[in-house]
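What follows is a single structure, written as structure tokens, with notes after it.
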There are 2 protein chains.
Amino acid sequence: MNPVFSGPGSLSRRVLLSILAALPALIGPLSPGAAQAQTEPLPSWNDGPTKTSIIDFVTRVTTQGGPDYIAPAERIAVFDNDGTLWSEQPMYVQLAFVLDRVKALAPQNPAWKTKQPFKAVLDGDMRALAASGEQGLMQLIAVTHAGMTADEFTKIVSNWLSTARHPRFKRPYTELVYQPMLELLAYLRANGFKTYIASGGGIEFMRPWTERVYGIPPEQVLGSSIKMQFEMRDGRPILFRLPQINFIDDKVGKPVGINQQIGRRPIAAFGNSDGDLEMLQWTTMSGGVRFGLIVHHTDAEREFAYDRQAHFGKLDKALDAAAVNKWTVVDMKKDWKRVFPFQE
Amino acid sequence: MNPVFSGPGSLSRRVLLSILAALPALIGPLSPGAAQAQTEPLPSWNDGPTKTSIIDFVTRVTTQGGPDYIAPAERIAVFDNDGTLWSEQPMYVQLAFVLDRVKALAPQNPAWKTKQPFKAVLDGDMRALAASGEQGLMQLIAVTHAGMTADEFTKIVSNWLSTARHPRFKRPYTELVYQPMLELLAYLRANGFKTYIASGGGIEFMRPWTERVYGIPPEQVLGSSIKMQFEMRDGRPILFRLPQINFIDDKVGKPVGINQQIGRRPIAAFGNSDGDLEMLQWTTMSGGVRFGLIVHHTDAEREFAYDRQAHFGKLDKALDAAAVNKWTVVDMKKDWKRVFPFQE
């Protein structure tokens, strides 16, 4: 046995401190994330100005003693989810959940056969569904997202995700995540960033799976929410989900939600649609070295191509703002070697 | 030089893993926090069942391979603030801020001299102030907490705290924190817990100083809030504070706020009043090994003595519930060697 390990007593404080000081360099090659950060970060990103802009930013804010150094505690990065981390076409995944859930509940609700907006869902009549407007959508949210406890809803979401399949790719929605963005999340974390999701989607629709899929724990997930009510029921405390909107974490709501839940101003923001415009403004327009990035969906072959005219994930004002504010715009077709993990 | 350090190449993977495995034991004696946890945790707590109940709980949930082991990610501890971490007598600190702020703004608002509830504040007439009720309080919050940006409010709070003094102890309010609770926070963190504040007080009233005073960063602070609005003003993004309540993080609101912001159910909760009852129920009544603690203010000499009849921090229903649910009740006079850091 190496004499260093014959017992803690034989290990002098000075030697121990040397080990500790050397550790970051030593453990690098053993940890896949750190190794990747040192050897070749972002392997699914093609070389070019997009990839360079990311690495330059991270290098600047992590260079100790450099003029742009930012302490790890302030390295907050916020990511939109739909269209930024996973696919939002041909419709938001959460809307697919709503439609499936209405169909699953229909046998217990025979009146829905003749009552809008439920009839539209059961008939697959997307035009009638759209015509039911915001009020119709709220009715659908009420029957699919409310009227149960928080724990029950988590189980419903988890069960649905384990069986539902994307209509085009015939895979679980949690496989429709962007490989380059997974690498970006890991790269940022390896560089001391804390990665958050700030999504317009439902917070409790995401929390059951974001840690497994993105490595983002529940406390780092922000999203829209419905009101909850605390009750003692049969002597046990529950949180009951009410059919009322609590908060819409989209557009002007994103900076508000970020301030409420994180209490720090991010230094990097990643989005893909006009819903992310204000988050990008709030993050990047604060004087220091900041980073804004927009994923532009330009790849109809490997994923989808859409922007200014899109029904889901419309990218119009934010694309114009990107040019003005020098945000990085990812050309998915050109910048990404691979889109999904299952595409080689 | 020790051959182990002649270069990373000479350090075999097996040896390196041995170093890493041994580290928690090795670095213990070098780190003050960990040393305290190993030698004598909670030095300002007198020996007895209260201190024992804390140490027993922490030992059970951190003993690897034991029947009650809980992974670090799930070791969420939530602390009330007023009366649990710092003094709430003779009035909530935030109310003292409101009163001082009204006085500071009075010269610019001459009409307040004759208009309630402002007149009551300027006259120091607490009876008239109480008579103005919730509506009066909202008017005071509107003029003291709203009508400025989030950044401006942070500066106002920080400036006030640097000059305001507690009426009895003549010290900054941030010195009126309980030494045994500071040790408890450190002890939990040394044992892998993530410590959160879940206060009925204003979230943006706490965040400017909780990291410095308690070691709790902004993202781990939960509290009541007013509505905020995102705006572009003179080409720069701001969050503007509106005179409307957004969320009351008290009583039934505490479990709701915890679920919203943390997304995990805590395993330990610490409070001192009926405002903490539901948080304690939500935390402890979930089947596993859980911990609830109530600080009972029994020490008029060193701090204050109050419970069932108190105007601020009333402890009545929660004291009865503590007996039923076997929550630990701290008898401040008996259990604490020291109350404030400045008292030897």
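A short reminder: the numbers here are calculations on the coordinates, not readings from a lab. Keep in mind that what you see is a predicted model, and the values were worked out from it rather than measured. We place every Cβ from the backbone using ideal geometry, glycine too, and count neighbours over all the protein chains shown.
Here are the numbers:
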item	result
Partner chain coverage, peptide B:246-253 - average Cβ within 10 angstrom	2
Most fluctuating residue given options A:Asp316, A:Asp274, A:Asp82, as computed from a GNM of chain A linking Cα atoms under 10 Å	A:Asp316
Shielding score for A:234-241, defined as the mean number of other chain Cβ atoms within 10 Å	4
Pairwise label distance in nanometres, B:Asp125 with A:Lys103, each label 7 Å out on the Cα-Cβ vector	6.9
Relative contact order (%) - chain B, alpha-carbon pairs under 8 angstrom, separation at least six	21
Inter-chain Cβ neighbour average for residues B:147-153, partner chain, 10 Å	1
Approximate spin-label separation B:Asp299-B:Thr63, in nm, with each point projected 7 Å along Cα-to-Cβ	3.0
Cα-projected label distance for B:Asp234 with B:His311, points at 7 Å along beta-carbon direction, nm	4.2
Dipole of chain B, positive direction: furthest Cα of B:Phe270, B:Thr52, B:Gly235, with charges on the beta-carbon	B:Gly235
Other-chain or far-sequence residues with amide H under 5 Å of A:Trp45's (modelled H)	A:Lys337
Inter-copy spacing of A:Asn46 label points, which lie 7 Å from Cα along Cα→Cβ, given in nm from shortest upward	7.4
Mean residue ellipticity (222 nm) of the protein assembly as shown, computed from DSSP H runs ≥ 4 via -39,500 (n - 2.57), nearest 500	-11500 deg cm²/dmol
Linear extension gain, B:Glu211 paired with B:Lys326, 0.36 nm per residue minus alpha-carbon span	38.3 nm
Ranking of B:Thr163, A:Thr283, A:Thr59 by count of other Cβ atoms within 10 Å, fewest first	B:Thr163, A:Thr59, A:Thr283
